[in-house]
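Undergrad: Once you've had a glance at the structure underneath, I'll fire off some questions.
The values are calculated or read from the model by the stated rules, or taken from the named source; none is laboratory data. Here the structure is a predicted model, which means the values were calculated and not measured. In this analysis, Cβ positions are derived from the backbone assuming ideal geometry, glycine residues included, and neighbour counts consider all displayed protein chains.
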Amino acid sequence: MDVVRWLGAVQAQDFPAAKWALGLRMRAATDRAIEAAYNDGQILRTHLMRPTWHFVAPEDIRWLLELTAPRVNARAGPYFRKYELDTAVFKQSNKVLVKALQGGKHLTRAELRTALNKSGVAADDLIRLTHIMLRAELDGVVCSGPRRGKQFTYALIDERVPAAKALARDEALAKLTERYFKSHGPATIQDFVWWSGLTVSDAKRGVELIDRELRKELVDDKTYFLAHAKASTQSSVYTSHLLPAYDEYNVGYKHREAGLGPTVIVDGKAAGTWKSTADKQSVTIVVTPSRTLQKPETLAIVNAAERYAAFIGLPAHVHI
């Protein structure tokens, strides 16, 4: 999906919120359409860059894992050792997972736990199982399969993703750096380090590789990088967005003053929080402003709430 590709990757441990994060950035989208794209494998969900789930485009998953998985493995190392997970165990567990999933099977974590236990890999401890599956994702063995009702499944990457030519490290580094600063800029080197999970030296190397494609701005003694300016399309009318939890607008930067929860944005600035409660008939959206709103701002927030309601396919009741 173009939005995922443009952003590079989208943090996705909160699955409904991550779907809305994509919908926000599309001209026309519904929760049902994004769910279908996920089930069809047009969007994959796996661990990379940081030790959490991300949405990623299928054609990007292999080179992103090659580039970022070593750092995630290093960060997970203390947990691997705590739960007695070493190279020999991971070799065995990955072999079991391949055998269980081959032939286009899509199995839940509970089903894979049973397969691991039967094969002699202790997996009853949920945290140990979590790290077994994490390592299988980082090793490029498994990724997301289609959902079975509300349950998540795993699939083999080799059966879910077409084979692709490996990228040289500098090529992958340049590609990720370009994706980040073009979709998240203006941002600093430190922001990129936080978001990508790469080292400072790798981040600086990435910026060096695409130097001609970026411009710099110095603000309060900090250097920000962004894509070269395009013609402005700014309108005099207030705009508002209801950001989901862990949206890239917040989580893509080291310093996140707006926080990581559902945030109301008005003209690019945080203006409060929101929450929704849905049943089969409608969705109630409650907005809690952090300051006094002008009438046009309130109208913009109502429009944003109605857009969210349309995304999930329910009539809205908005309370500010």
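Undergrad: Within segment 106-131, can you find the residues that are closer than 22 Å to PRO51 by Cα, charged (D, E, K, R), buried (at least 16 other Cβ atoms within 10 Å of the Cβ) and over 23 Å from the mean Cα position of the chain (by Cα)?
TA: Residues satisfying the conditions are ARG113, ARG128.
Undergrad: Conditions: (1) surrounded by fewer than 19 Cβ atoms within 10 Å (Cβ to Cβ); (2) more than 11 Å from TYR154 (Cα to Cα). PHE90 meets all but one. Number of the miss?
TA: Result: PHE90 fails condition (1) only.
Undergrad: Taking GLN92, is it polar (S, T, N, Q) and assigned to a loop (DSSP other than H, G, I, E, B)?
TA: No.
Undergrad: Okay, next question. Could you give me the residue pairs with C-beta distances under 7 Å whose first residue belongs to segment 1-17 and is more than 14 Å from LEU243 (Cα to Cα) and free of Cβ contacts under 8 Å to residues at least 40 places away in the same chain, whose second residue is surrounded by fewer than 17 Cβ atoms within 10 Å (Cβ to Cβ) and not acidic (Asp, Glu) wherever it lies, and which are 6+ apart or on separate chains?
TA: Short answer, once both residue conditions are applied: VAL3/MET26.
Undergrad: Here's another thing I want to ask about it. Within segment 1-72, which helices (runs of 4 or more DSSP H) (wholly inside it) include 3 or more residues that are buried (at least 23 other Cβ atoms within 10 Å of the Cβ) and of a type outside the set (D, E, K, R)?
TA: By residue number, 15-24.
Undergrad: Of (1) over 21 Å from MET49 (Cα atoms); (2) within 19 Å of the chain's Cα centre (by Cα); (3) in a helix (DSSP H, G or I), LYS175 satisfies all except one. Which?
TA: (1)
Undergrad: Does SER144 satisfy the condition of being among the hydroxyl-bearing types (Ser, Thr, Tyr) and within 15 Å of the chain's Cα centre (by Cα)?
TA: For SER144, the condition - among the hydroxyl-bearing types (Ser, Thr, Tyr) and within 15 Å of the chain's Cα centre (by Cα) - is met.
Undergrad: Where the second residue is part of a loop (DSSP other than H, G, I, E, B) and among the polar types (S, T, N, Q) and the first is over 17 Å from PRO70 (Cβ atoms) and lies in segment 155-176, which pairs have Cβ atoms under 7 Å and are six or more apart or on separate chains?
TA: LEU156/GLN102
Undergrad: A further question follows. Give me the pairs, please: first residue somewhere in segment 206-224 and farther than 15 Å from GLN190 by Cα, second residue anywhere and small (Gly, Ala, Ser) and loosely packed, with under 13 Cβ neighbours inside 10 Å, beta-carbon distance under 9 Å, and either six or more positions apart or on two chains.
TA: Within 9 Å, the pairs are ARG215/ALA229.
Undergrad: What single numbered condition from (1) in the same structural domain as LEU67 (by TED's automatic domain parsing); (2) not in a helix (DSSP H, G or I) fails to hold for MET133?
TA: (2)
Undergrad: Take GLY272 and decide whether it is out of contact with any Asp or Glu (no Cβ under 7 Å at 6 or more places or on another chain) and at pLDDT below 95.
TA: No, not satisfied.
Undergrad: Does SER290 satisfy the condition of being of a type outside the set (A, V, I, L, M, F, W, C), out of contact with any Pro (no Cβ under 7 Å at 6 or more places or on another chain) and buried (at least 16 other Cβ atoms within 10 Å of the Cβ)?
TA: Here the answer is no, as SER290 does not meet what is asked.
Undergrad: Which count do you get for residues in segment 294-311 that are in contact with a helix residue (DSSP H, G or I) (Cβ under 7 Å, 6 or more places away or on another chain) and farther than 15 Å from ARG27 by Cα?
TA: Qualifying residue count for the region: 0.
Undergrad: Of the conditions (1) in contact with a Ser or Thr (Cβ under 6 Å, 6 or more places away or on another chain); (2) in a helix (DSSP H, G or I), VAL302 fails just one. Which one is it?
TA: (1)
Undergrad: How many residues, within segment 173-193, are under 30 Å from VAL98 (Cβ atoms) and surrounded by 20 or more Cβ atoms within 10 Å (Cβ to Cβ)?
TA: 2
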